[in-house]
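The values are calculated or read from the model by the stated rules, or taken from the named source; none is laboratory data. Treat the numbers as computed from the prediction; the structure is a model and nothing was measured. All Cβ positions, even for glycine, are placed from backbone atoms using ideal geometry, and neighbour counts span all protein chains on display. Keep in mind that these areas ignore ligands, DNA and RNA; they rest on the heavy atoms of the full protein, side chains included. Shrake-Rupley method; radii C 1.70, N 1.55, O 1.52, S 1.80 Å.
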Amino acid sequence: MAMLEVKNLSISFGGLKAVNDFHVTIEKGQLYGLIGPNGAGKTTVFNLLTGVYKPDSGSIELNGVNITGKKTIDINQAGIARTFQNIRLFKDLSVLDNVKVGLHNHHPYSTLEGILRAPRYFKVEKEMNQRALELLKVFDLDQEADFKASNLPYGKQRKLEIARALATDPKLLLLDEPAAGMNPNETKELMDTIRFVRDNFDMTILLIEHDMKLVAGICERLTVLNFGQVLTEGETSAVLNDPQVITAYLGE
């Protein structure tokens, strides 16, 4: 059974087909890339997969369970987490507290327990602090745990967003242009981090990316979108040498 099975996914805005009959099959443990020119519909696909938009037609299955049209929080709890092209952190919170926001999905205590500072509140907070620090250490952010998120350098903010997504304990991680705005050294470090997350967190990863060096270096398979439709798909080396793909990018 595939980790993610998407069939005939479509959505229109104002009569314009933003995504038309999109399909993809991603196996457990794969590093899969979704590429295409600007405006091709890539982020719209992510928004459909995470419940930001409801599709006009088509289906989305995660480990054989139909999650089509479910609310974002339900999809997250089912096992899909994401990052965003434009970093979305709680910038006035600490680095540690940003990760703890994600952990609240799996370490709940009631509002009353929090207000009364009941024993369970302290137990859960201790567990979350420990887990958050473990995640931060993976990304070499544990020394900045008490920093405000807004005070981190850009590249570290990107890493923090991935750490927060992992805190929700996903099965499938969606990364929307994780290398955007990074210099070459930061991009190389990010590639190593993505591989580490896949291998050590038993993670399946789908990423959108414009950096073809990163795509060629880590993605095992690719789907190419153009004007909202699948242009081609297959193993990375074959796709990147496909004349249709080269033409689509040259015409961007």
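Can you confirm whether region 156-165 contains a residue that is open to solvent by 20 Å² or more (accessible area, probe 1.4 Å) and without any contact (Cβ under 8 Å) to a residue 40 or more places away in the chain?
Yes, region 156-165 contains a residue that is open to solvent by 20 Å² or more (accessible area, probe 1.4 Å) and without any contact (Cβ under 8 Å) to a residue 40 or more places away in the chain.
Tell me which of these Val95 doesn't satisfy, since it passes every other one: (1) more than 29 Å from Asp199 (Cβ to Cβ); (2) at pLDDT 95 or above; (3) among the β-branched types (Val, Ile, Thr).
Unmet for Val95, out of (1) more than 29 Å from Asp199 (Cβ to Cβ); (2) at pLDDT 95 or above; (3) among the β-branched types (Val, Ile, Thr): (1).
Which of the residues spanning region 206-217 are crowded, with 18+ Cβ neighbours inside 10 Å, modelled with pLDDT under 95 and more than 14 Å from Val239 (Cβ to Cβ)?
Hits for region 206-217 are Asp211, Leu214.
Which of the following residues is open to solvent by 50 Å² or more (accessible area, probe 1.4 Å), of a type in the set (D, E, K, R) and free of Cβ contacts under 8 Å to residues at least 24 places away in the same chain: Glu235, Glu189?
Numbers: Glu189 fails: free of Cβ contacts under 8 Å to residues at least 24 places away in the same chain.
Only one candidate qualifies: Glu235.
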